[in-house]
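Here the structure comes first, spelled out in structure tokens, and everything after it is commentary.
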Amino acid sequence: MLKLCLAHPVFYPTFGGGSLRFLRYQPGLRKRDVQTRVLAGTARAKDANHPGEPHDWSRQPIGRMLPVESIEGIPVHRVRLPDETSARRTAIYFRALIALCRDPVTRPDLIQLHSFERLESLYWVPRLRRLGIPIVYAIQISSPRSHRSNLLGALQPKMLRRFYDQFDGVVTSSEQIEGRLRQLGVGAPIAVIPNGVDLERHRRADAAARQAARARIGIRGNGPVLLSVGAISPRKGSDLLVEAWTRLLPSHPDLELVLVGPRHDQGPKRQGPFEQRIDALIEGSGRARQVHLLGVRDDVPELYAAADLMALPTSREGGTPNVVLEAMACGLPVLLTPFDGQSTAIGRPGIEFEQTPRTVLALSQAIGDLLANEARRTALAQSGLEWVRTHLGLDRSLDRFADYYERAASRTLDAAEIAAQNPTFPTLEPANAARSGSFSE
């Protein structure tokens with residue numbers, strides 16, 4: 001049995017797509033003799049939580065280890081962290097991680113780090129390595145090309161190479177991200193493992209499930225439903241989608257819009273300009289009752305059944321967004337805009353999903369065209385479903401992860417061999433790609 005420590009400062013019940021994905025992977029990894037424990041942190045002030053019993057972590061002293069939880073059979077250790085992202089928050093987390101991994105009772109065979117592309121990590125990762133435990137790094141989202149507050153924006157390529165080459169391996173779901181690391185000169189073995197979708201949990205629904213899902217959301221009419229799942233934030237393009245919806249109302253007056261996910265910067269005592277813009281668009285539409293802001297939900301697999309179209313106008317992701325694969329597995333047609341980090345693993349634009357430029361005008365036009373063309377929606381849905389069944393079943397990803405973890409723990413990773421295992425997927429011919437608007441802003 002391989003003992004894995006997931007070093008994940010954001011973990012359930014705190015909202016995070018990457019942490020939720022690795023939580024869903026655990027039953028399958030256990031079957032592959034990988035036993036995981038997690039070191040998590042407490043939520044930041046801006047973080048949202050999944051529904052359930054509230055956690056009042058604020059009463060605990062900063063730096064204290066909280067009682068160990070069991071989340072879906074996984075032991076989760078949690079350290080009380082400061083409420084805001086800072087070098088101090090990082091330092092407290094790493095001290096707790098080092099203590100956990102030094103303890104003979106909880107010492108793992110392998111550590112997987114997440115979300116530490118910060119300048120201060122150059123100080124802490126070498127101290128973690130002194131424990132003699134192999135470490136891999138998981139990249140969950142494509143980093144912004146210019147962002148002065150994180151490692152990618154703050155350091156020169158030589159220092160970036162130093163950061164990544166500290167690890168025994170790197171895992172990403174996107175060949176685009178792998179290519180950028182190679183351009184930096186990173187020599188660590190890089191595994192490209194597309195996210196896998198649970199085809200038992202996510203499947204095409206029947207008419208009864210559709211009606212139940214619409215009732216769960218609070219949809220009273222019979223109009224078409226446009227769905228988007230993910231944080232309501234500028235990066236996800238939620239405001240673009242809301243504005244596109246308002247433009248479609250004259251031709252599609254019964255169109256319902258469903259947004260599932262936490263709001264971007266709306267804390268208990270503040271509302272930022274992004275939310276104000278969205279609220280103004282909704283109120284100004286005259287059809288506010290047709291917009292459903294559901295917040296964080298744990299019943300998303302059931303909610304897909306309510307929709308006629310899934311849209312994700314994001315600007316950057318980790319390569320194979322969970323919600324795209326899940327929607328395809330549920331037989332939903334998917335509309336995307338080209339995004340930074342986009343992997344060919346999600347399919348071919350114009351065949352498995354529709355793709356359009358990331359503007360309000362283009363979004364409204366593409367959504368309107370799809371709503372007016374049932375045959376086109378059906379063709380996209382069928383192609384997307386066949387794609388995930390053929391290429392992106394959960395077992396494929398879990399087999400790759402288990403093999404990668406075993407090699408990393410035994411220090412037998414070979415960069416060339418791992419690169420040869422990285423998958424390739426069919427793409428459109430250039431003429432077809434240009435027709436569908438793929439990979440261009």
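Read-outs throughout are calculated quantities, based only on the coordinates presented, and are distinct from any laboratory measurement. These numbers were taken from a predicted model, which means no experiment stands behind them. All Cβ positions, glycine included, derive from the backbone under ideal geometry; neighbour counts span all protein chains shown.
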### Task
Show which aspartates and glutamates lie in cross-link reach of residue 31 when reach means a straight Cα distance below 12 angstrom and same-chain residues fewer than eight apart are skipped.
395, 399
### Query
Could you give the length gained on full extension between residue 373 and residue 211, defined as 0.36 nm per residue of separation minus the Cα-Cα distance, in nm?
56.1 nm
### Message
Suppose only helical runs count, i.e. DSSP H with n ≥ 4. What mean residue ellipticity at 222 nm does that imply for the chain under -39500 (n - 2.57) per run, divided by all residues and rounded to the nearest 500 deg cm²/dmol?
### Response
-11500 deg cm²/dmol
### Summary
Taking a ≥ b ≥ c as the square roots of the Cα gyration tensor eigenvalues, with a/c under 1.5 meaning rounded and otherwise prolate when a/b beats b/c or oblate if not, segment 207-392 comes out rounded
### Summary
Lys and Arg at +1, Asp and Glu at -1: neighbours of residue 68 with Cβ under 15 Å from its Cβ sum to +1
### Task
Determine the sum of side-chain charges near residue 314: Lys and Arg each +1, Asp and Glu each -1, restricted to other residues whose C-beta is under 12 angstrom from that of residue 314.
+2
### Query
Placing +1 at every Lys and Arg Cβ and -1 at every Asp and Glu Cβ, with all other atoms neutral, what dipole size does the chain have around its Cα centre, in debye to the nearest 20?
1360
#### Entry: Cut-off of 10 Å, at most 11 other beta carbons, DSSP loop: longest stretch of the chain lacking such trypsin sites (Lys or Arg not before Pro)
271-410
### Message
List the aspartates and glutamates whose Cα sits under 13 Å from the Cα of residue 3, skipping any in the same chain fewer than 8 residues away.
### Response
33, 109, 406
